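One structure is given here, and the rest of the page talks about it.
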Amino acid sequence: MSTPKRCPCGLGEPFAECCARLHAGERRAATAEQLMRSRFSAFAVGDTAYLLASWHPSTRPDALDLDPDQRWVRLEILDRTGGGPFDAAGTVRFEAHYRLGGRAGVLTEDSRFVREDGAWFYVDGDHD
């Protein structure tokens, strides 16, 4: 895992003061969007342990193999419903920009999240 100076989530904060704290378990995501951003950062830095831990047990795979040649470069949040600090569920629509084999690509997804015992979890998503 490489550690970036600026957080890949796009909020402009240093990684160590932003998503790295969630990855390390020092803080929990307060909203579904914050969890989405932290998961994007985990893809960007190759933190599969965090990705699995933040995935709801009902849909979590046994293992996760990331493509070492795919580089996640930018996240755009397009829309959100629910997912606030007092909600039990929410959705986040986003575009995740990446580079693979020298080519740019974009993954667009509507992700579903649930909050259980005060913790947000990624459930699943629909891709465009």
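The values are calculated or read from the model by the stated rules, or taken from the named source; none is laboratory data. All values derive from a computational prediction rather than experimental measurement. Neighbour counts are summed over all protein chains in view; Cβ atoms, including those assigned to glycine, are modelled from backbone coordinates with ideal geometry. When the accessible area is computed, the model is the full protein with side chains, heavy atoms only, and any ligands, DNA or RNA have been set aside. Shrake-Rupley method; radii C 1.70, N 1.55, O 1.52, S 1.80 Å.
Report the antiparallel proportion of the DSSP beta bridges in the chain as a percent, rounded to a multiple of 5. Please list the in-between numbers first.
Working: 31 of 32 bridges.
Of the beta bridges lying entirely in the chain, close to 95 percent run antiparallel.
Name the residues whose placed amide hydrogens come within less than 5 Å of the amide hydrogen of GLU13, ignoring near sequence neighbours (fewer than 5 apart) on the same chain.
Sorted by chain and number, the residues that satisfy this are CYS7.
Go from 0 up to the bin containing the longest alpha carbon distance in region 51-109, width 10 Å each, and give me the % of pairs per bin.
The distribution over region 51-109 is 19, 35, 38, 8, 0, given as percents.
Taking only the alpha-carbon atoms of region 6-127, what semi-axes of the equivalent ellipsoid follow from 5 times the gyration tensor eigenvalues under a square root, in whole Å, largest first?
Values: eigenvalues 89, 50, 45 Å².
After scaling each eigenvalue by five and taking roots: 21, 16, 15 Å.
Roughly how many Å is it from the Cα centre of region 1-68 to that of region 69-99, as a whole number?
12
Restrict the search to region 1-80; then list the trypsin sites (Lys or Arg not before Pro) that DSSP places in a loop and that have at most 10 other Cβ atoms within 10 Å of their Cβ. Kindly include the intermediate steps, with their values, before the conclusion.
On the way: sites: LYS5, ARG6, ARG21, ARG27, ARG28, ARG37, ARG39, ARG71, ARG74, ARG80; in loops: LYS5, ARG27, ARG28.
Of the trypsin sites (Lys or Arg not before Pro), the ones in loops of region 1-80 whose Cβ has at most 10 other Cβ atoms within 10 Å are LYS5.
For the chain, which whole-number percentage of the solvent-accessible area (1.4 Å probe, protein heavy atoms only) is attributable to carbon and sulfur atoms? All intermediate terms of the calculation are to be shown ahead of the outcome.
On the way: 3510 of 7300 Å².
Using a 1.4 Å probe with all protein chains present, the chain comes out at 48 percent carbon and sulfur.
Got a sec to turn the phi values of region 53-63 into Karplus ³J(HN,Hα) couplings, 6.51 cos²θ - 1.76 cosθ + 1.60 with θ = phi - 60°, whole Hz, x for Gly and Pro?
Residue by residue, region 53-63 yields 5, 8, 9, 4, x, 6, 10, 5, x, 5, 8 Hz.
Would you mind getting the accessible area per residue of the chain, heavy atoms of the protein chains only, 1.4 Å probe, in Å²?
Numbers: 7300 Å² over 128 residues.
In whole numbers, the chain has 57 Å² accessible per residue.
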